[in-house]
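One structure below.
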Amino acid sequence: MLALITGATAGFGKATAELFASKGWNLVITGRRKVRLDVMEKNLKQNYGVQVKTLCFDVRKNDEVKAAIESLQGEWKDIDLLVNNAGLAVGLSTIQEGTLDDWERMIDTNIKGLLYMTRMIAPVMVARKKGHIINIGSVAGKEVYANGNVYCATKHAVDALNRAMRIDLLPHGIRVSQIAPGLAETEFSIVRFKGDDERAKKVYQGMQALTAEDIAETIFWVASRPAHVNILDVVITPAAQANSTTVIRK
Ligand code: NDP
Ligand code: 8X3
């Protein structure tokens with residue numbers, strides 16, 4: 001089995017690559033940080049004896065997405081599972097004070113990047129009459145929270161696209177699923193707060209956040225259901241979180 005995971009250089013994507021490799025899946029891992037991809041390729045091959053290909057590109061740039069996916073030849077084209085994971089939040093501010101560049105980064109990555117990837121890979125799955133697309137949404141795609149405006153909007157778009165893809169791909173035997181996590185400690189908040197580690201740590205203070213491995217296990221569970229089962233949507237939060245705004249902290 002072959003999985004392509006976007007955003008595999010950190011957080012959920014990295015943990016998912018590790019778990020799938022440990023289960024014997026061959027992988028195409030992608031991201032912008034080439035050194036990290038190269039190190040992962042070497043380690044995954046060495047530790048699990050699986051085949052790994054790296055593709056270094058920016059999901060916001062459709063010409064890069066196209067060139068990267070078109071570079072896959074032979075068996076590498078036959079992707080059984082696409083994990084649309086690459087994404088980010090940038091900034092946390094009111095709509096009247098938001099930074100346009102932050103908004104564009106989120107819209108271009110979380111919505112357009114996911115679409116560019118899907119547009120390249122879904123037709124191959126349709127031709128093969130099989131495949132599975134797992135989209136990484138968020139609790140931010142189920143509700144909105146103060147100052148989360150544009151990030152929440154992008155994840156609501158993922159939520160809508162997940163359901164829309166399910167309808168469009170249904171006649172072609174392709175499964176479509178969303179995982180919608182709550183608070184998970186990865187590089188997510190460091191990116192959101194532009195490298196401010198202290199502010200990032202405070203997001204998870206006094207509570208036990210989800211780990212990247214928790215999400216990887218969920219993705220693996222969804223991907224490994226019997227062929228007649230499709231999991232449409234999984235909302236997963238820490239035990240200490242009820243929704244985006246209700247969190248118990250010690
Ligand atoms: P991380 O910051 O740890 O990882 C994000 C990954 O996305 C990195 O591998 C990064 O790779 C990649 N990425 C970001 N922008 C681009 C781009 N333009 N082109 C290619 N790759 C890109 O965050 P998480 O693992 O936490 O986030 C993964 C997904 O989960 C995101 O979609 C996020 O919105 C979602 N999510 C996160 C939650 C959390 O609390 N952590 C909760 C709910 C959802 P590189 O920088 O090398 O390009
Ligand atoms: C990430 C979870 O609550 O920080 O999507 O938006 S949250």
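Where a number appears in this text, it was derived from the coordinates with a stated rule and is not lab data. Just so it is clear, the model here is predicted, and its values are computed rather than measured. All Cβ positions, glycine included, derive from the backbone under ideal geometry; neighbour counts span all protein chains shown.
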For this session: Calculate one ³J(HN,Hα) per residue across the stretch 89-106 by plugging θ = phi - 60° into the Karplus curve 6.51 cos²θ - 1.76 cosθ + 1.60, and present them in order as whole Hz with x for glycine and proline.
Result: 10, 10, x, 8, 8, 4, 5, 7, 10, x, 9, 4, 5, 4, 4, 5, 4, 5
Exercise. To the nearest 10 degrees, how steep is helix 114-128 against the longest Cα principal axis of the chain, on a 0 to 90 scale?
Worked result: 30 degrees
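For each of 90, 65, count neighbouring Cβ atoms within 10 Å of the residue's Cβ, then give the residues from fewest to most.
Working: 90 19, 65 24.
Least crowded to most crowded, the residues run 90, 65.
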For this session: Could you go through the stretch 165-172 in sequence order and give the Karplus-derived ³J(HN,Hα) for each residue, using 6.51 cos²θ - 1.76 cosθ + 1.60 with θ = phi - 60°, rounded to whole Hz, and x for Gly and Pro?
Result: 4, 4, 5, 5, 8, 3, x, 9
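Mind listing which GluC sites (Glu not before Pro) in the stretch 95-169 are in a DSSP loop and have 11 or fewer other Cβ atoms within 10 Å?
Numbers: sites: 97, 104, 143; in loops: 97, 143.
Within the stretch 95-169, the qualifying GluC sites (Glu not before Pro) (loop, at most 11 other Cβ atoms within 10 Å) are 97.
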For this session: Name the residues whose placed amide hydrogens come within less than 5 Å of the amide hydrogen of residue 28, ignoring near sequence neighbours (fewer than 5 apart) on the same chain.
Result: 3, 4, 5, 53
For this session: Compute the normalised compactness of the stretch 1-59: alpha-carbon radius of gyration over 2.2 N^0.38 Å, N being the residue count.
Result: 0.95
Problem set entry | Acute angle (nearest 10 degrees) that the helix 11-22 long axis makes with the longest principal axis of the chain, alpha-carbon atoms | 30 degrees
Seminar exercise, completed: Cβ density ranking, 10 Å radius, fewest first, applied to 221, 103, 25 yields 221, 103, 25
Exercise. From Cα coordinates alone, what are the radius of gyration and Dmax values for the chain in angstrom?
Worked result: 17.4, 54
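For the residues 50, 28, what sequence is obtained by ranking on other C-beta atoms within 10 Å, fewest first?
Working: 50 18, 28 23.
With the sparsest Cβ surroundings first, the list reads 50, 28.
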Seminar exercise, completed: Expected vector for the stretch 139-146, Karplus 3J(HN,Hα) from phi with 6.51, -1.76, 1.60 and θ = phi - 60°, integer Hz, x for Gly and Pro, equals 4, 5, x, 10, 7, 10, 9, 3
Exercise. Which angle from 0 to 90°, rounded to the nearest 10, does the C-alpha axis of helix 212-223 make with the longest principal axis of the chain?
Worked result: 40 degrees
Problem set entry | Helical mean residue ellipticity (222 nm; -39500 (n - 2.57) per DSSP H run of 4+; nearest 500) of the chain | -12500 deg cm²/dmol
For this session: Mind listing the long-range amide H neighbours of residue 86? Cut-off is under 5 Å, sequence gap 5 or more, other chains count too, H placed in the peptide plane at 1.01 Å from N.
Result: 6, 7
